[in-house]
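Okay, structure first, notes after.
The values are calculated or read from the model by the stated rules, or taken from the named source; none is laboratory data. Computed from a predicted model, the values in this text were never measured in an experiment. Ideal geometry is used to build each Cβ from the backbone, glycine not excepted, and the neighbour counts take in all protein chains shown.
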Amino acid sequence: MKRSQVNEIMEQANEMIRSFGFTRPPVAYWSPEKFKRNTTAARPIIDAQYGWDITDYGASDFGALGLLLFTLNNGRLADLQHGSGMCYAEKLLISRQDQLSSMHTHVIKAEDQGGTVYCDGLHHDFAPGEKLRLASSESVTLMPGDWHAFWGDGGDLLIGEISTVNDDNTGNIFNKP
């Protein structure tokens, strides 16, 4: 994705998030230059992987296959492994109308998520292949090993996610490379 497209996606996301009356932490609005000027203050934010994630899953078609998310809080995997400290993560996700978030599962992470979710997993609360349509303020709990994909159905969706610590480097398994 080109930087100009990423910037446009972030600006549209800012507008959508604000339209719901939600305000993100001040660091969410820092410029790259401000991060460089505040390297000491920025280090814990970077290490915890706070901030924007924008992906087209390598398909080069963000409108059809993609996801935007903003990590508001994220503990450390070491804390989770020790059973103390911040053992959770909080995210805002934006799934555009009919934009698929690729089928995946998580190694450790359990998550509560709202939106329209297509699940094809092992969890006992739904059958493999069953589609769950969640109304506003409803959520589904997905456990490690639950295969799931989701998309905006009926419009663009702002989705809240609370989960155990998130580790994007090792915690996601996709059904397609």
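Looking at region 88-98, is at least one residue small (Gly, Ala, Ser) and surrounded by fewer than 18 Cβ atoms within 10 Å (Cβ to Cβ)? Even if it seems obvious, please write down each step before you answer.
Going through region 88-98, the residues small (Gly, Ala, Ser) turn out to be 89, 95.
Then keep just the ones that are surrounded by fewer than 18 Cβ atoms within 10 Å (Cβ to Cβ); that gives none.
There is no residue in region 88-98 that is small (Gly, Ala, Ser) and surrounded by fewer than 18 Cβ atoms within 10 Å (Cβ to Cβ).
Would you please list the contacts, defined by Cβ atoms under 8 Å and residues six or more apart or on different chains, that run from a residue in region 150-177 that is in contact (Cβ under 8 Å) with a residue 24 or more places away in the chain and farther than 22 Å from residue 59 by Cβ to a residue that is in a strand (DSSP E or B) and of a type in the set (Phe, Trp, Tyr)?
Partner pairs satisfying both residue conditions: 162/88; 163/88; 164/88; 165/88.
Would you pick out the residues in region 28-47 that are within 17 Å of residue 69 (Cβ to Cβ) and either loosely packed, with under 11 Cβ neighbours inside 10 Å or in contact with a strand residue (DSSP E or B) (Cβ under 8 Å, 6 or more places away or on another chain) (or both)?
Of all residues in region 28-47, those within 17 Å of residue 69 (Cβ to Cβ) come to 28-29, 45-46.
The answer is 28, 29, 45.
Could you count how many residues in region 147-167 are touching a His at 6+ places or on another chain (Cβ under 9 Å) and under 17 Å from residue 100 (Cα atoms)?
Number satisfying all stated conditions: 3.
Name the pairs whose Cβ atoms lie under 9 Å apart, with the first residue in region 74-96 and over 30 Å from residue 21 (Cβ atoms) and at pLDDT below 90, the second acidic (Asp, Glu) and loosely packed, with under 13 Cβ neighbours inside 10 Å, and 6 or more positions between them or separate chains?
From residues that are over 30 Å from residue 21 (Cβ atoms) and at pLDDT below 90, the pairs are 76/47.
Results for (1) within 19 Å of residue 150 (Cα to Cα); (2) not in a helix (DSSP H, G or I), shown as yes or no for each residue.
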residue: 36; (1), (2): no, no
residue: 42; (1), (2): no, no
residue: 61; (1), (2): yes, yes
residue: 69; (1), (2): yes, yes
residue: 81; (1), (2): no, no
residue: 86; (1), (2): no, yes
residue: 92; (1), (2): yes, yes
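Filtering region 140-170 down to residues that are buried (at least 18 other Cβ atoms within 10 Å of the Cβ) and among the charged types (D, E, K, R), which residue is modelled with the highest pLDDT?
So the residue we want is 161.
List pairs: first residue in region 48-59 and buried (at least 16 other Cβ atoms within 10 Å of the Cβ), second residue part of a strand (DSSP E or B) and of a type in the set (D, E, K, R) anywhere in the structure, Cβ distance under 9 angstrom, at least six positions apart or on different chains.
Filtered contacts from region 48-59: no entries.
Mind checking which residues of region 16-34 are part of a helix (DSSP H, G or I), over 17 Å from the mean Cα position of the chain (by Cα) and closer than 11 Å to residue 158 by Cβ? It would help to see each step written out before you state the result.
Kept after step one, since they are part of a helix (DSSP H, G or I), are these residues of region 16-34: 16-19, 26-29, 32-34.
After this cut, where a residue has to be over 17 Å from the mean Cα position of the chain (by Cα) as well, the list is 18-19, 26-27, 29, 32-34.
18, 19 - these are the residues of region 16-34 that are part of a helix (DSSP H, G or I), over 17 Å from the mean Cα position of the chain (by Cα) and closer than 11 Å to residue 158 by Cβ.
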